[in-house]
C-alpha cells in the first residue's frame, strides 16, 4: 500500500560484543543505528556463535521495542547469546540445516572465596535473565529451561520447533508457487505424434524412398506400442 515502508534485511553474522576490536563484531550501537534507520518489517538473518550476554540483552531489547514486525531467520547457527536475540522475533524461522544451542553463562574471576561467591551470584542472576527470554518465547517452565542450559543443549530445526524456540522452517517459496494443472495421456501423445509424422510425409514430397520407408517403419512401431499402452 502507498505510504508503507518496504521490508528490510538485517544481518547478525559473527560474534556479538560491547565493542568491536577486529571490525567484524556486532555491537549494540552499530545494530541500533541500522535497526532504527527506517521503519517497516525487517528480516533479521542470524548466523552467530554468540558472545557477550549483556550486548545480546541490549540487542534483544531493541528488537522488542521495534514497532514493526521482526522476522528472525536462523540460516547457520544461533548459539549462546545469539539464541537469546532470536527470541525477540515476532516470528522465528530456521533453515532445515541450521542449529541452535543454549547453555549456562560463563565468566572468569580472580580473588579469594568472597570474589568467587560474587562471581557465582552474578552468573546465577545472568542465567535467570536469560531464562526470562526463553520462557517468554517457549512457555516452558523455568526448571526445564534451566536443565536444558545445564546440559548445553544443541537443537536442529525440527527439535527447536518441537520445543517452541522456533516457529517454523525456512521454506523455498519457489516450490510453493501454484502451477497450472495439466494431465498427460500416453494414447493422446501417440496419436499426435502419428499425425505429425503423416503431415511430414505429405509435405516433404521430395523425400527419398528410403526416408519414406523409415517413416513407415516408425509408424508401424508406434502402432504396435499403441496396442500395449
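For the reader, a short list of remarks on this structure follows.
- Proxy reagent accessibility, fewest Cβ within 10 Å first, across 154, 45, 21: 21, 154, 45
- Extension gain from residue 107 to residue 158, taking 0.36 nm per residue of separation minus the Cα-Cα distance: 15.3 nm
- The order of 147, 103, going from fewest to most other C-beta atoms within 10 Å of their C-beta, is 147, 103.
- Rounded Å value of the spacing that divides the Cα centres of segment 55-78 and segment 93-142: 18 Å
- The modelled label-to-label distance for the pair residue 69/residue 143, using points 7 Å beyond Cα in the direction of Cβ, is 3.8 nm.
- Relative contact order of segment 8-175, defined on C-alpha pairs under 8 angstrom at six or more residues apart (%): 19 percent
- Inverse of mean 1/r across different Cα pairs in segment 8-175, Kirkwood, Å: 16.4 Å
Computed from the coordinates by the stated procedures, all read-outs in this text should not be read as laboratory data. Note that this is a predicted model, so its numbers are computed, not measured. Cβ sites come from the backbone with ideal geometry, for glycine too, and all protein chains shown count toward neighbours.
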